[in-house]
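Asker: One structure is given below, represented as structure tokens, and several questions about it will come after.
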């Protein structure tokens, strides 16, 4: 089954404690991205990757890091989480960005930073 | 920054009625897509309409696109309780060669039996 898998689904952590949210897709997609969703703001892109070892900042990259060492994986790293990073996070993948292709989303990771 | 903005923010209808929501965007686009999100879950792709298309249908969904007005509408006909969800439009701007999708804040639709 074609899918994007994120882990964990729920995470409560303390300020400053490094964490990683994993994302994996099984569709051989080139393009992957991370979004955060906050009430009233919709989805905002954090980082995206056009292919292995190629990443770039989205609209809200501050406080986040990513890596793309393999095509299928695109982890999101919060080196020193802060309470304003409390949010619902989604990983997405598509064949080639948004260019006439649909994006597939993971089930989301609800992160709370206290 | 948000490229697409949906209107209304919230919509409450009864089963069997039609639901219409609109999306406005700011820049030229390659395509516009609509997604559905059930409460707190991942987004699911509904339909994609290219910039050279004016109307598209998929089951009970009808999407229109007016590039001169930079707007799109999503119509759900004969709504069901299972259509209760948030609906988002997403645009792929022509200025972005990597086709990055920009989402609006969404329309929350509640369908009551």
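The values are calculated or read from the model by the stated rules, or taken from the named source; none is laboratory data. No experiment lies behind these values; they were computed from the predicted model shown. Positions of Cβ are generated from backbone atoms using ideal geometry, with glycine treated the same way; all protein chains shown enter the neighbour counts.
Asker: For segment B:8-15, does any single residue satisfy the condition of being out of contact with any helix residue (DSSP H, G or I) (no Cβ under 9 Å at 6 or more places or on another chain), away from chain A (no Cβ under 13 Å), within 20 Å of residue A:43 (Cα to Cα) and surrounded by 14 or more Cβ atoms within 10 Å (Cβ to Cβ)?
Answerer: Checking segment B:8-15: at least one residue is out of contact with any helix residue (DSSP H, G or I) (no Cβ under 9 Å at 6 or more places or on another chain), away from chain A (no Cβ under 13 Å), within 20 Å of residue A:43 (Cα to Cα) and surrounded by 14 or more Cβ atoms within 10 Å (Cβ to Cβ).
Asker: For residues that are closer than 25 Å to residue A:30 by Cα, assigned to a loop (DSSP other than H, G, I, E, B) and modelled with pLDDT of 95 or more, tally how many sit in segment A:83-114.
Answerer: Of all residues in segment A:83-114, those closer than 25 Å to residue A:30 by Cα come to A:88-109.
Of the ones still in play, those that are also assigned to a loop (DSSP other than H, G, I, E, B) are A:95, A:97, A:99-103, A:106-108.
Within this subset, residues satisfying the condition of being modelled with pLDDT of 95 or more are A:106-108.
The qualifying residues number 3.
Asker: What are the residues in segment B:46-69 that are under 30 Å from residue A:87 (Cβ atoms), within 11 Å of another protein chain (Cβ to nearest Cβ) and either outside any strand (DSSP E or B) or under 10 Å from the mean Cα position of the chain (by Cα) (or both), if any?
Answerer: Step one: list which residues in segment B:46-69 are under 30 Å from residue A:87 (Cβ atoms), which gives B:46-49, B:61, B:63.
Next, from what is left, pick out any that are within 11 Å of another protein chain (Cβ to nearest Cβ): B:46-49.
Of everything in segment B:46-69, those that are under 30 Å from residue A:87 (Cβ atoms), within 11 Å of another protein chain (Cβ to nearest Cβ) and either outside any strand (DSSP E or B) or under 10 Å from the mean Cα position of the chain (by Cα) (or both) turn out to be B:46, B:47, B:48.
Asker: When you look at residue B:62, is it modelled with pLDDT of 95 or more and surrounded by fewer than 18 Cβ atoms within 10 Å (Cβ to Cβ), yes or no?
Answerer: So residue B:62 passes the test.
Asker: Just the residues that are closer than 15 Å to residue B:111 by Cα and assigned to a strand (DSSP E or B), please, taken from segment B:5-27.
Answerer: B:10, B:11, B:12, B:13, B:14, B:19, B:20, B:21
Asker: Can you spot a residue in segment B:32-43 that is within 14 Å of chain A (Cβ to nearest Cβ), part of a loop (DSSP other than H, G, I, E, B) and more than 29 Å from residue B:113 (Cα to Cα)?
Answerer: The answer is no, given that none of the residues of segment B:32-43 is within 14 Å of chain A (Cβ to nearest Cβ), part of a loop (DSSP other than H, G, I, E, B) and more than 29 Å from residue B:113 (Cα to Cα).
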